[in-house]
Structure formats: C-alpha cells, structure tokens
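The values are calculated or read from the model by the stated rules, or taken from the named source; none is laboratory data. Predicted model only: the values in this text are computed from it and were never measured. For neighbour counting, all protein chains shown are included, and Cβ atoms are generated from backbone atoms with ideal geometry for every residue, glycine included. Ligands, DNA and RNA are stripped out before the accessible areas are found, and what is left, the full protein with its side chains, is counted by its heavy atoms. Shrake-Rupley method; radii C 1.70, N 1.55, O 1.52, S 1.80 Å.
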Amino acid sequence: MSHQYQLPPPEAVESLLTWYRKNARDLPWRKDVTPYRVWISEIMLQQTRVEAVKPYFHRFLEAFPDVYALAEADDTRLMKLWEGLGYYSRARNLKKAAIRVTEDYGGSFPADYKELQKLPGIGSYTAGAIATIAFGIPAPAVDGNVLRVLSRVAGDSRDIMDPHTKKSAEEAVLQLCPARSPGDFTQAMIELGATLCGPNTEPCCASCPMGPWCIASREEKTQVLPVRSKKAARRIEHRTVLLLKEHDRYMIRRRPEKGLLAGLYELPNELGTLDRDQAVAFARENGFQPLHIEMLAPATHVFTHVEWHMTAYLMTGYFEETQQRIMASAEELAGKYAIPSAFAAYVKPITKGT
Ligand code: ADE
C-alpha cells in the first residue's frame, strides 16, 4: 500500500521562494556557485551543522581549490583537513570521486541527476542538490530537513526513516520543483527545514511562508510530525586510553584500514576499564616502561552506533626496544596526523598552544 504526499498548491512554492530570496543566510557556498563548491559543501553538511562546516569549507577549498587538486590530494593531509568532521569515509569518497571526474568526465561534473549518482559518495540527495543548485536542472534533493518540511506541510505520518517514504518524497519534491528556479527551491526547502521548521525546536508557523498551506500547522500536529521510527539503541563500549610519553613525544598508531575510523591515527587504547596495574601491563605490552603514572579524567564520545566511555592514563617513561612505532610531538599531533575527535579530551590539552 503506497500513497502520495498531498502537495501544497503552486502559490505555496512561490511564497517559499520569495521568503528564501529575502531571508537566505549568507553562507560561503552560496557565493561563487560551482558544481565543485556545491558538492564539497553538501558532503560536509551531511550530519554536520552549518556553523561547524564553515571553517572546514574555507580550509578545504584553500587546500584543494578544484577537482584536479583534490584528485591528487595527499591522503594524510586530506584526512587532517577532515579531522573533527567525522564520518571519514566522506573524505575518502571525495577523493575517489574527484579522480573519476578528472579521468572519466574531463574534469567537469556531469550535468545529470542520474549520472552524478554513479560517483562515489554521491547519493540521491547530493545529486539532487548539485543538479538543482549548480546546474539549474529540476531534480529532487531530499534530506532530513526536507523530509520534515514535507511531512508537516502535507500532514503525512509515514515513517521518514523508511526508504519508501523517501522515494515518495522525492517524487513529490520533483513535482513541486519549479522549472525556473530549481536551485532556489532546493535551498529554500533546506533553509526552511533548518530554521523556522527546524529540528528540536518549536516551529515558527506564524512566520512560515508555507504556514497558510501547512496541514500540520492547521491541525496542530507539528509536535507529532514527522514520524520517525526509533533507532537501535547505541552500544556502550568501555575503553582505556594511554598517553605514552617519552621526552616530548607521544606514541600514536594507525587504525586498521577497515571499520570504524579506518586508517586514521589514534592513541593506544584497549577495550575495557583497566585499573592502574592492568594499564601498566598494557603499556609494557607496547614496549613502554612507565616511570610516572597519572590517571586522567574519564571522557565519553558518542558515535552513531556506539558510545565510548573512556578511562585514561598519562604515563611518562621510555620505550625499551626500537620497535616500529609512530612517536608524535605536540606540533605533529596538532598539524600532521588526523586523530578522531573521540580522543580530543586527551589530545587537546597536549596540542593547545601549539
Ligand atoms: N544543509 C544541507 N545543505 C545545505 C545548504 N546548501 N545550505 C544550508 N544548509 C544545508
């Protein structure tokens, strides 16, 4: 049983566009609109707030001003520029897609909604955003913001986590998308869903350009729409993190090529809450002889599917054998190696002031 979104009339879309043109936030990727800039910004904005993205966007474009520069990016530098944004496969896919664009498309993004989706890391949302915003081609760009707006305007109570709902939303948004201004329409829907009709706040229906046509507003259902099925509960993982300090350098290691935070660098850590003696044993397994041991404050980090509850020890001492290991100075921790934010509670105190 499938049904369709009850679409608002064309006046509602006109009202939305007028509102957007008057109220659009001044955001860096809205200037100098090119497929490359739209692509980078949309990938960064997945799962990450606008304010957090801004400085990353500037640094990234300075380092990799075009698709050729990105295709040739040094991996360590690329990951360092992404450090803190999370979901690191996004950065790896950016480089893969850049290589494909230079090799298979002569350096220019394909101006085609379906073709764009063949590139690594570009799904239907990003393809829709690039097609509409950068190329002015009507296409649906449906992310969480847009699903929220549409569910409310249409008074639709289907589960927005269900892929069928998203498919149906894409059909609806394509129908609504005006041929004259697809880019403004996409941005306006996103903007509305990020501001007046935002998540975690009471929507401002009185100022909303689509308020007069909004079923959720009229029927006082903004509290219950959109409907979102419960996510699986996060698993809690206890970990013990070691800062093994020899002279002014700290041991780090590279994470495996597969899985969570693949290929990034990290402080040595192990599952479980180790007491002091166990932590010393773990340090010795790494060839380290501690002379001084300090227990640090516990810290937590929340990932999508797991939460790390960390215990940590700072140990000063020396390494016994000359095994292969990476020792990083405070400057290198700050400027060279990409270390996921999960370790920030322990890395920040070292790198601050570098
Ligand atoms: N979130 C996702 N895409 C966006 C954009 N283009 N502008 C502002 N917020 C966004």
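DSSP finds beta bridges in region 235-351, and of those with both partners inside it, around 70 percent are antiparallel. Here the chain is treated with +1 on each Lys and Arg Cβ and -1 on each Asp and Glu Cβ, and its dipole about the Cα centre works out to around 300 debye. Just so you know, the averaged projected area of the alpha carbon convex hull for region 123-258 sits at 13.2 nm².
Taking Cα centre as origin and charging only the Cβ of basic (Lys, Arg, +1) and acidic (Asp, Glu, -1) residues, the dipole magnitude of region 10-218 rounds to 240 debye. Across region 10-218, counting alpha-carbon atoms alone, Rg and Dmax equal 17.2, 54 Å.
Each stretch of four or more DSSP H residues adds -39500 (n - 2.57); spread over every residue of the chain, this sum gives -11500 deg cm²/dmol at 222 nm.
Since only L274, Q223, Y250 are under comparison, the one whose Cα sits farthest along the positive direction of the charge dipole of the chain, derived from C-beta charges on Lys, Arg, Asp and Glu, is Q223. Once you've got the GNM for the chain with C-alpha springs shorter than 10 Å, pick whichever of S89, S207, S168 has the biggest mean-square fluctuation. Maximum fluctuation in the GNM of the chain, among the listed residues, is at S207.
To the nearest ten degrees, helix 276-285 and the longest principal axis of the Cα atoms of the chain are 80 degrees apart. Centroid-to-centroid, using Cα positions, region 93-138 and region 1-57 are 17 Å apart. Computed from Cα atoms, the angle from the helix 50-63 axis to the main principal axis of the chain rounds to 70 degrees. Taking the Cα centre of region 217-319 as reference, the dipole from Cβ charges on Lys and Arg (+1) and Asp and Glu (-1) amounts to some 580 debye. For region 145-244, the set of trypsin sites (Lys or Arg not before Pro) satisfying both a DSSP loop assignment and a count of at most 12 other C-beta atoms within 10 Å is given as R180, K230, K231, R234. With a 1.4 Å probe rolled over the protein heavy atoms of all chains, the accessible area of S157, S124 falls in the order S157, S124, largest first.
As a ratio to 2.2 N^0.38 Å, the alpha-carbon radius of gyration computed for region 27-141 takes the value 0.97. The distance linking region 230-271 with region 151-166 is 38 Å (Cα centroid to Cα centroid, whole angstrom). Across all C-alpha atoms in the chain, the radius of gyration and Dmax reach 23.9, 75 Å. Size estimate for region 235-351 follows the Kirkwood approach: the inverse of mean 1/r over distinct Cα pairs works out to 14.4 Å. Between M189, M295, M79, which gets the highest mean-square fluctuation from a Gaussian network model of the chain, Cα cutoff 10 Å? Most flexible of the set in this elastic network: M295. Proximity of backbone amide H atoms, modeled 1.01 Å from N, is registered between S329 and Y250 at under 5 Å, excluding neighbours fewer than 5 places apart on the same chain. Across region 151-167, rounded Karplus estimates of 3J(HN,Hα) from the backbone phi angles (6.51 cos²θ - 1.76 cosθ + 1.60, θ = phi - 60°) give 4, 6, 4, 8, x, 9, 9, 6, 5, 6, 7, 7, x, 5, 5, 5, 4 Hz, Gly and Pro being marked x. Residue by residue, region 236-253 carries 3J(HN,Hα) couplings of 9, 10, 8, 9, 10, 10, 10, 9, 9, 10, 10, 6, 9, 10, 10, 6, 10, 9 Hz when phi is fed to the Karplus relation 6.51 cos²θ - 1.76 cosθ + 1.60 (θ = phi - 60°); x denotes Gly or Pro.
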